[in-house]
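Laboratory data are not the source of any read-out in this text; all were calculated from the coordinates shown. Everything numeric here is computed off the predicted structure, so don't read it as measured data. Ideal geometry is used to build each Cβ from the backbone, glycine not excepted, and the neighbour counts take in all protein chains shown.
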Number of protein chains: 2
Amino acid sequence: MNLDFAKSDGLVTAVIQDHATNRVLMVGYMNEEAFRRTVETGYATFWSRSRKKLWLKGESSGHRLAVKEIATDCDLDAVLVKVAPQGPGVCHEGYESCFFRKLDDGEWRVGEDRAYDPGSVYGVEHR
Amino acid sequence: MNLDFAKSDGLVTAVIQDHATNRVLMVGYMNEEAFRRTVETGYATFWSRSRKKLWLKGESSGHRLAVKEIATDCDLDAVLVKVAPQGPGVCHEGYESCFFRKLDDGEWRVGEDRAYDPGSVYGVEHR
């Protein structure tokens with residue numbers, strides 16, 4: 001039973017969840033090679049749609065995501081990856097989770113403090 | 001600050017999480033109208049990519065998803081919707097979560113029992 005990479009231009013949606021706290025940290029996309037590497041190396045690897053290349057999360061920051069469990073959904077076109085984050089945050093903007101803005105009376109508001117200083121981790125370059 | 005619907009053919013990815021247990025229940029997609037209805041009605045509404053129409057989750061089963069909180073990510077192209085599920089499960093195959101299969105030594109295995117009988121809820125028709 002294989003994942004359905006054909007449905008969305010060769011990609012499946014990957015939801016990344018902290019295995020200890022169950023917080024959803026980010027959403028990425030994996031092609032078949034990224035998924036294979038994620039399973040084989042034990043570290044979450046994505047396909048960057050903007051840069052059109054494989055992207056080992058944490059490659060530059062050191063904040064890798066160690067895989068604890070992988071599930072897939074009924075349609076086999078999404079995966080849920082539970083991870084142990086090796087760093088204070090996954091978001092290149094410095095937050096623990098990329099989902100740091102909440103809808104509040106029609107406006108998106110930042111609801112938490114930064115977990116680290118992205119400038120000192122990434123310099124000018126993101127991620 | 002608006003969601004970026006342009007990036008993926010008019011859709012944002014919507015991760016649905018149980019607000020009480022933090023279990024990730026499903027992944028769907030929302031166009032601008034589906035997102036607007038989700039916010040205005042308080043019930044998760046998706047764009048069905050296969051049926052190419054708006055889809056109020058629970059329309060036929062009664063298992064609606066009452067919205068508790070909505071967050072968006074740094075790229076504004078995904079939303080995390082915390083919900084109170086009004087029913088035993090969100091998956092049309094009868095499970096609490098669509099992510100009922102886990103990767104186990106290279107094979108996807110069902111790791112839990114069904115939460116309800118999908119035949120009695122949906123009849124022949126799915127969802």
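Separation of the range A:22-37 from the range B:3-20 is 16 Å, based on Cα centroids. Across chain A, the relative contact order, built from alpha-carbon pairs under 8 Å that are at least six residues apart, equals 22 percent. The calculated P(r) of the protein assembly as shown, using every Cα pair and 10 Å bins from 0, goes 7, 31, 38, 20, 3, 0 in percent. Extension gain, A:Glu33 to A:Lys68, is 10.7 nm, computed as 0.36 nm per intervening residue step minus the present C-alpha separation.
Note on A:Arg109 and A:Tyr122: their simple-model spin labels are 2.5 nm apart, each label 7 Å out from Cα toward Cβ.
Can you tell which of B:Gly89, A:Gly123, A:Val12 lies farthest toward the positive end of the dipole of the protein assembly as shown, using +1 and -1 charges on the Cβ of basic and acidic side chains (Lys, Arg; Asp, Glu)? Ranked along the dipole, the leading option is A:Val12. Shape analysis of chain B based on the Cα gyration tensor places the equivalent ellipsoid semi-axes at 24, 17, 14 Å, largest first. Volume per residue of the convex hull around the Cα atoms, evaluated for the range B:74-124, comes out as 142 Å³. Calculate the spin-label point distance for A:Glu40 paired with A:Asp4, positioning each point 7 Å from the Cα along the beta-carbon direction, and give it in nanometres. That separation, rounded to one decimal, is 2.6 nm. Using R0 = 30 Å, the C-beta based FRET efficiency linking A:Thr21 and B:Arg51 works out to 0.25.
In a DSSP loop and with at most 12 other Cβ atoms within 10 Å, the trypsin sites (Lys or Arg not before Pro) in the range B:1-88 are B:Arg51, B:Lys52. Restricting attention to chain B, the count of lysine pairs at 8 or more positions apart or across chains with alpha carbons under 19 Å apart stands at 4.
Peptide B:90-99 shows a mean partner chain C-beta count of 3 within 10 Å per residue C-beta. Using a cutoff of 8 angstrom between alpha carbon atoms and counting only pairs six or more residues apart, the relative contact order for the range B:13-67 works out to 24 percent.
When only the Cβ of Lys, Arg, Asp and Glu is charged (+1, +1, -1, -1), the dipole of chain A relative to its Cα centre reaches about 360 debye.
A compact globular protein would have a Cα radius of gyration near 2.2 N^0.38 Å; the ratio found for the range B:1-74 is 1.06. Overall, the ratio between the Cα radius of gyration of the range A:49-100 and 2.2 N^0.38 Å, rounded to two decimals, is 1.28. Rounded to the nearest 0.05, the FRET efficiency derived from the C-beta distance between A:Leu76 and B:Glu59 at R0 = 30 Å is 0.80.
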